[in-house]
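Input: a single structure, listed below in structure tokens.
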Amino acid sequence: MRARRRAVALLGALVLVAAVATAWALWPKAAEAEATPRTLGAHPVLPVRAKAVVIDGAAARMKALSAELSKPAGPPPPAPLVPAPGVKTILLDKSEQMVTLYTADGKPLDRFQCASGHTYPRVGTYKVSSRKPSSMYLGDGSTFKHFVIFTKADTGTNIGFHSIPHDKAGNDIGGLGVPESHGCVRLADEKAAFIYDWAPNGTKVVVQK
């Protein structure tokens, strides 16, 4: 009887050991099978975990593409003047508060923001007549540089391009992009300096609404 019990116990232990050994041997293959796409006919079938990775990756790419497409577009490049005017031209667009510079053959050279007045300068075609390295607005004592004059107000006050004016403490008065000047065309300092050197007397100035 004791011998039979020992035999049964030994047999049970051997079966348990065999089952553990078999499970241990098959475990890496099962894990590998989970990570490897199965096939259903001619089409691969991804496991759930792999499907999640693919979906997350596609979502990330779609989000990046959407962000790229939603970026605000910059201002369109200016078109060449037709026909070519034969002289340098400065175009002021009051509705967009933008100034465009054209070379003598009508090709656009630069385009940048400005701040004109609400009334002045009036729509029309003018010519640069004179310039002053610096000047002052008597109404508030503000000063500005690189004054390129091309017309006058009804009161006889000179109107032209110049840098953003400064108060007596040296602070900027106003900014760019909205019509808030006394009547001239305010520009960033470096743009006003460029026009001062680039546009000789006789340069055409076109003001449009």
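The values are calculated or read from the model by the stated rules, or taken from the named source; none is laboratory data. Predicted, not measured: the structure shown is a model, and the values here were computed from it. Neighbour counts are summed over all protein chains in view; Cβ atoms, including those assigned to glycine, are modelled from backbone coordinates with ideal geometry.
The table for this structure:
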| read-out | value |
| --- | --- |
| Counted residues, segment 87-120 - those being under 16 Å from Asp197 (Cα atoms) and of a type in the set (Phe, Trp, Tyr) | 1 |
| Scan of segment 121-179 for residues that are more than 36 Å from the chain's Cα centre (by Cα) and closer than 18 Å to Ile195 by Cα, ordered by number | Ser129, Ser130, Asn158 |
| Subset of segment 157-193 [assigned to a loop (DSSP other than H, G, I, E, B) and among the acidic types (Asp, Glu)] | Asp167, Glu180 |
| Close pairs from segment 124-143: first closer than 19 Å to Gly170 by Cα, partner assigned to a loop (DSSP other than H, G, I, E, B) and at pLDDT 95 or above, Cβ under 7 Å, at least 6 apart | Tyr137/Pro165; Ser142/Pro165; Thr143/Pro165 |
| Selected residue (criterion: farthest from the chain's Cα centre (by Cα)) from residues of segment 80-101 that are under 18 Å from Ser129 (Cα atoms) and part of a strand (DSSP E or B) | Thr89 |
| Odd one out for Phe144 among (1) under 20 Å from Leu91 (Cβ atoms); (2) of a type in the set (Phe, Trp, Tyr); (3) not in a loop (DSSP other than H, G, I, E, B) | (1) |
| Selected residue [closer than 25 Å to Pro78 by Cβ, touching a helix residue (DSSP H, G or I) at 6+ places or on another chain (Cβ under 8 Å) and modelled with pLDDT of 95 or more] from Phe150, Phe112 | Phe112 |
| In segment 194-209, the residues that are at negative phi and part of a loop (DSSP other than H, G, I, E, B) | Ala199, Pro200, Asn201, Thr203, Lys209 |
